[in-house]
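*Asks:* Below is the structure I would like to discuss, written out as structure tokens.
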Amino acid sequence: MLTLAIIKPDAIQAGNAGKILAFLEGQGFKLRAARLVRLTQTQAETFYAVHRERPFFRSLVTFMTSGRGLVLALERDDAVSYLREIIGATDPAEATPGTVRKLYAQSKERNAIHAADSPENAAREVAFFFPEGELAGL
Ligand code: GDP
């Protein structure tokens, strides 16, 4: 099973991308596709459309377009729920010790990593970033 993660611009800027990827590989995830992407405003608004009425939406879009993110298609048994478990809570103050966000997030917004939250969203997000992957059997 595949899921979609993004190592966010804060973690790239802090030099933590390699450490986060190594952690994910150490947890049994296989890297199936990767792309370093600076999202356009339209892409970020589309990707986070579910949050467009939230007070933090503009700030989130500004943050996610502030630099490049590393988009990853990752494979593992139970990939979606297991990745959500090991990234930790949205707010690092509430994240379990040893999770990616506890280790690397700077704040509730600049929280190091995105992970798809359902199998349906994982499939949609993989296709959003790797449309050619449909041909390659991603
Ligand atoms: P996730 O699934 O854990 O990433 O959390 P959500 O889907 O609820 O929110 C998406 C992203 O919006 C989070 O990862 C944060 O970067 C950001 N975010 C969520 N809640 C807040 C908030 O209360 N304030 C701010 N500034 N950003 C937030």
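None of the figures in this text is laboratory data; all of them are computed from the coordinates on show. What you are looking at is a predicted structure, and each value in this text was computed from that prediction instead of being measured. All Cβ positions, glycine included, derive from the backbone under ideal geometry; neighbour counts span all protein chains shown.
*Asks:* Restrict the search to the stretch 1-57; then list the GluC sites (Glu not before Pro) that DSSP places in a loop and that have at most 12 other Cβ atoms within 10 Å of their Cβ.
*Replies:* Working: sites: E25, E45, E53; in loops: E53.
Those satisfying the criteria are E53.
*Asks:* Residue by residue through the stretch 41-50, which ³J(HN,Hα) values in whole Hz follow from phi under the Karplus form 6.51 cos²θ - 1.76 cosθ + 1.60 (θ = phi - 60°), with glycine and proline marked x?
*Replies:* 4, 5, 4, 5, 5, 5, 4, 9, 3, 4
*Asks:* So for the stretch 93-133, what are the equivalent ellipsoid semi-axes in whole Å, largest first, each being the square root of 5 times an eigenvalue of the Cα gyration tensor? Intermediate values should be presented prior to the final figure.
*Replies:* Values: eigenvalues 137, 23, 14 Å².
Value: 26, 11, 8 Å, ordered largest first.
*Asks:* Work through the residues other than G137 whose Cβ is under 15 Å from its Cβ and net out their charges, Lys, Arg +1 and Asp, Glu -1. Write down the numbers at each step before the final one.
*Replies:* On the way: positive: K30, R32; negative: E75, E132, E134.
Every neighbour counted, the sum reads -1.
*Asks:* If r is the Cβ-Cβ distance from M1 to S66 and R0 is 30 Å, what FRET efficiency results, to the nearest 0.05? Don't jump to the answer; show the numbers that get you there.
*Replies:* Details: r = 31 Å, r/R0 = 1.04.
Using R0 = 30 Å, I get an efficiency of 0.45.
*Asks:* Gaussian network model of the chain, Cα springs within a sub-10 Å range: biggest mean-square fluctuation belongs to which of V50, V71, V126?
*Replies:* V50
*Asks:* Over the stretch 13-68, what portion of Cα pair distances is larger than 19 Å, expressed as a whole percent? Write down the numbers at each step before the final one.
*Replies:* On the way: 711 of 1540 pairs.
Here the tail beyond 19 Å accounts for 46 percent of pairs.
*Asks:* For E109 and L36, calculate 0.36 nm times their separation in residues minus their Cα-Cα distance, and state this gained length in nm to one decimal. Before the final figure, lay out the partial values.
*Replies:* On the way: separation 73, 0.36 × 73 = 26.28 nm, distance 1.99 nm.
Additional length available on full extension: 24.3 nm.
*Asks:* Under a straight-distance cross-link criterion of Cα-Cα below 16 Å, which aspartates and glutamates are reachable from K19, leaving out those fewer than 8 residues away in the same chain?
*Replies:* D10
*Asks:* A follow-up question, please. Through the Karplus equation 6.51 cos²θ - 1.76 cosθ + 1.60, θ set to phi - 60°, convert the phi angles of the stretch 67-75 into ³J(HN,Hα) values in whole Hz; use x for Gly and Pro.
*Replies:* In residue order, the calculated couplings are x, 7, x, 9, 8, 10, 9, 10, 10 Hz.
*Asks:* Under the definition of Cα pairs under 8 Å and six or more residues apart, what whole-number percent is the relative contact order of the chain? Don't skip to the end; give the middle numbers.
*Replies:* Details: 221 pairs, mean separation 50.0, N = 138.
Here the relative contact order equals 36 percent.
*Asks:* With bins 5 Å wide starting at 0, give me the P(r) of the stretch 2-132 over every alpha carbon pair, in whole percents.
*Replies:* 2, 11, 21, 26, 24, 13, 3, 0
*Asks:* Further, regarding this structure: So if each residue of separation counts as 0.36 nm, and I subtract the Cα-Cα distance between F128 and Q43, what length gain in nm does that give? Let's see the in-between values first.
*Replies:* Numbers: separation 85, 0.36 × 85 = 30.60 nm, distance 0.93 nm.
Contour length minus Cα-Cα distance gives 29.7 nm.
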